[in-house]
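Participant: Mind having a look at this structure? Questions to follow.
The values are calculated or read from the model by the stated rules, or taken from the named source; none is laboratory data. Keep in mind it's a predicted model, so treat the numbers as computed, not measured. Methodologically, a virtual Cβ is constructed for each residue, glycine included, from the backbone with ideal geometry; neighbour enumeration extends over all protein chains shown.
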Amino acid sequence: MSELFDLLTKYPVLIAVIVGTISAFVAGVSALTTTVITIRSQRDRERQQWVREKLQEIYSNCISSIEASCAFGLYNPEELLNATKWLNILLIYHSNKYNKEFLSLPEEINLFSIQQWSALLIKYNIMGIELHNNAPSSGEFYIAAKGLQSRIIKLASVDKRLHG
């Protein structure tokens, strides 16, 4: 041990070189780690912002296209196709992880897409969802469309990815 001490006291430059090398290595690793964490954090924030913007677009288009498909209580087949498109896109982004209350949403959208209005109304009745018929002589389509629209609005209001 005394030989090492004698060696180090004879060559103080050697101590400085060793300490300097170790310090430079630690500083380099620290800088690299900080850079990686910063880049990953920035990427995650950008991804969350992108998902938030996509969800806003999807929810908005779902709601407006359902509204347009039954404007004035009339059935509009062209707008129904557009609504179906946006509802199916919503299913791609739908997550049971975030929205446990909406586990039946894929089935609801399927019934709406294949124009099974009465089956959708029965499902809403079983679920205890109160539907209002506020259009004169509107029929099952209008009531089912308004029911699904209110479900989409409620889903958007509780989607943590949209408000988080």
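Participant: Considering the stretch 93-114 alone, what residues qualify as being touching a helix residue (DSSP H, G or I) at 6+ places or on another chain (Cβ under 8 Å), assigned to a helix (DSSP H, G or I) and at pLDDT 80 or above?
Facilitator: 93, 102, 105, 106, 107, 108, 109, 111, 112, 113
Participant: For residue 130, all conditions in the list (1) charged (D, E, K, R); (2) assigned to a helix (DSSP H, G or I); (3) more than 13 Å from residue 148 (Cβ to Cβ) hold save one; what is the number of the exception?
Facilitator: So the condition that residue 130 fails would be (2).
Participant: Return yes when residue 44 is of a type in the set (Asp, Glu), out of contact with any His (no Cβ under 6 Å at 6 or more places or on another chain) and modelled with pLDDT of 90 or more and no when it is not.
Facilitator: yes
Participant: Given the options 30, 41, name the one that is polar (S, T, N, Q) and under 30 Å from residue 158 (Cβ atoms).
Facilitator: Result of the check over 30, 41: 41.
Participant: Could you list all residues from the stretch 44-77 that are out of contact with any helix residue (DSSP H, G or I) (no Cβ under 8 Å at 6 or more places or on another chain) and either closer than 22 Å to residue 159 by Cβ or polar (S, T, N, Q) (or both)?
Facilitator: 44, 45, 46, 47, 49, 50, 53, 57, 60, 64
Participant: Please tell me if residue 43 is under 29 Å from the mean Cα position of the chain (by Cα), touching a residue at least 12 places away in the same chain (Cβ under 8 Å) and outside any loop (DSSP other than H, G, I, E, B).
Facilitator: no
Participant: I'd like to verify a number: residues in the stretch 47-92 that are acidic (Asp, Glu) and touching a residue at least 12 places away in the same chain (Cβ under 8 Å), how many?
Facilitator: Qualifying residue count for the region: 2.
Participant: Find the residue count for the stretch 78-94, including only residues that are over 19 Å from residue 154 (Cα atoms) and polar (S, T, N, Q).
Facilitator: 1
Participant: Which of the following residues is surrounded by 10 or more Cβ atoms within 10 Å (Cβ to Cβ) and under 30 Å from residue 163 (Cβ atoms): 14, 74, 111, 32?
Facilitator: When all the criteria are applied, what remains is 111.
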